[in-house]
Each structure stands twice: as C-alpha cells, then as structure tokens.
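The values are calculated or read from the model by the stated rules, or taken from the named source; none is laboratory data. The shown structure was predicted, so the numbers you read here are calculated from the model rather than taken from an experiment. Cβ sites come from the backbone with ideal geometry, for glycine too, and all protein chains shown count toward neighbours.
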Amino acid sequence: MTTAMMMAGPGGPEVLTATEIDLGEPGPGAVRIRHSVIGVNFVDIYFRTGLYPLDAYPAVLGFEGAGTVDAVGPGGAMLKPGDRVAYHGQPMGAYAEARILPAERLVRLPDALPDHVVGGTMLRGLTAHMLLHKVRAVGPGDWILVHAAAGGLGQIVTRWAKRLGAQVIGTVGSEGKRALALEAGADVVLLHGADDWAERARALADGQGVHLAIDGIGGGMLARTFAAVRPFGMVASLGQPAGPIPPVRVETLGSGRPVALMRPSVIAYANDPTLYQRGSVDLIAALQDGLISPIGAEYDLRDVARAHADLEGGRTAGRVILTV
C-alpha cells in the first residue's frame, strides 16, 4: 500500500486528503517509482478547483516528480530498479509516495544532479524551454518581458533567457519581490501595479517594445501587455492566477502595433515525444551547467493542502516542492 493525496471532487485545498491505495506491479512498458520530490504547480490548482475539469473522480493531482525506480514491467525501456529518474506530463497522479508510469515518460538522472535540483523543476524547466525555443527562438539582442519574474517560472525563464543572450525586463507585484527577480538576472524590474509599466518597458526595449512577452498572471494583465510589445512581436499567455482573461478581439492585434498571441501548453509540449525528449535533454544539460531553479517552499507530501493555499495566496516565490 502507498499513500496518495486524493480528491473526491473539486474544491478548496481541503479536498486533498491522504488515502491508502494498492499500486500493484507495473505492466508491459511501465515502471513503478518511489518519489523523493514532487512538484506543485499552478496548473494543479486549476484542476483542483475545477477550472480545468477532470474526467473522473476520485483523482490524484500532480504532473511531475523525481525518485527511484523500484520495479520494472516487461519492456521497461532499459530502466532497472535503483535508477534515479524524473518526469513531467500526463498521466496525472504525482501526489503520492509511489506511482506507476509509462517508461517513456521517465528521464534518467546523472549521478551529479540531486533529486532536489530536478524535482519540481521539470514542468517549469520545460515551460521555459518551450517559451525560449519553440514559441520564439530567443537569442542575443532579444528583449523579453517576464511577468511574475520572482515566481518559480519567472525565475527560471529569466535565468535561461540571460544564458541565451537576451535582455530581460521583469515585473513583480511588490517591492519585496524585486530583489528575487534581480537576483535571477533581470536587467530591470518594474512593478506591474504601476500605471506606466508598459510604457516604461517599451521605452527600455529600444523604444520599440519587447520581442517576447510572457504573461502568467492573467486577468486584465494580458490586455495591458500588448502595449509593451514591438511590431510583429509575440505575447505568450500561460495562466490566470489573477482571474479569467477577458476576451481578446483579434482585429485589435493588428491595429497600430501588429503582434501575435499564443496560448502555449507545456502539457501538450510534453505529450509530443520529440519535443519532450529534446526539452528534457536540454534542461538536464542546463541544470548540470549551472542553471538555477531555487526552492521557494518545501512541504511534506501530507501537507499538500497548505502548499496549495500558500501558492494560491501568493505567499511563495520560487518553485514549490513536496518531499516524501
């Protein structure tokens, strides 16, 4: 038997309760792993609240983790018990002491890379890879705008963009978070509560605006972000912790300052075997080369409800992890 934090239906953090489940043995092409670290991400909250509906209940949330293989089914893709691995993507179900996964989802970890470095980094790291390599191939001379630059995603996007030679303008919600964004490498950090942040960002970026703007805030932030982007630049809308995003009229995107709008999905990115493999290899290499993704908060698996409440309430900065 193993403990999983299961939910019987959508609701607040309190719906996540400890339940004993019997995993059984892995079938063909599957592997059972024992978690050491599990990542908590805002997308988990969307599923918990029902914003993103689930097909069936009870359900176990979570899309990423790291740990050790303890059983391998027939055809387990050259993995063996004792191998250290990490993963991101579907099927959901990471909030558990152990789980069974398709072998192709698992990435073997090099000895020099601890579980705590990779666990909770896969989703954000692959999101950063998607944004900086697929949404736009970022390189020297590019200007990037990163909202919520002190958060877990904002920090790793900023750090990776700087490694690619880009100049980064970060925004944060309070003066207290400015230092975190600067420490991550942002060239300038603005308060996104200020009335003139978009105009200031456009002026900083050669007076033309940024090449890529990344909005993981939602609410009314997306509409304001277009003003910070240069003609034929790109806006990536990733999430909406600030609330639903008002409808965007497509015809307004081409008036005066034509820009592109994308709603990229890291789940879809990870579901593509080629992109998942390429992104995972690049991420592991970057982590080995010194890319930092700081831990902002750490909780025991059974305290996942508190982790959700703190993340949802904006009381964390950096990545949020559960330990087993």
Counting only residues that are of a type in the set (D, E, K, R) and over 18 Å from the mean Cα position of the chain (by Cα), give me the helices (runs of 4 or more DSSP H) lying completely in the stretch 217-324 with at least 2 of them.
-> none
Selected residue (criterion: modelled with the highest pLDDT) from residues of the stretch 288-310 that are under 14 Å from Gly152 (Cβ atoms) and among the aliphatic types (A, V, I, L, M) = Ala307
Pick from Gly279, Gly314: which is outside the structural domain of Gly141 (by TED's automatic domain parsing), out of contact with any Ser or Thr (no Cβ under 8 Å at 6 or more places or on another chain) and on the phi > 0 side of the Ramachandran plot?
-> Gly314
Test result for Gly220, buried (at least 21 other Cβ atoms within 10 Å of the Cβ) and assigned by TED's automatic domain parsing to the domain that holds Leu131 = no
Do we find a residue being outside any loop (DSSP other than H, G, I, E, B), under 22 Å from Met130 (Cβ atoms) and either among the hydrophobic types (A, V, I, L, M, F, W, C) or free of Cβ contacts under 8 Å to residues at least 24 places away in the same chain (or both) anywhere in the stretch 191-210?
-> yes
State yes or no: is Thr252 of a type in the set (Val, Ile, Thr) and modelled with pLDDT under 90?
-> yes
Residue pairs within 7 Å by beta carbon, gap of at least six or interchain, first lying in the stretch 76-88 and charged (D, E, K, R), second assigned to a loop (DSSP other than H, G, I, E, B), listed first then second, are Arg84/Leu109
Being of a type outside the set (D, E, K, R) and farther than 28 Å from Tyr52 by Cα narrows it down to one of Leu275, Leu287, so name that one.
-> Leu287
Any helices (runs of 4 or more DSSP H) falling wholly within the stretch 122-185 and containing at least 3 residues that are polar (S, T, N, Q) = none
Restricting attention to the stretch 104-142, the residues that are in contact with a Gly (Cβ under 8 Å, 6 or more places away or on another chain), assigned by TED's automatic domain parsing to the domain that holds Tyr87 and surrounded by fewer than 20 Cβ atoms within 10 Å (Cβ to Cβ) number exactly 1
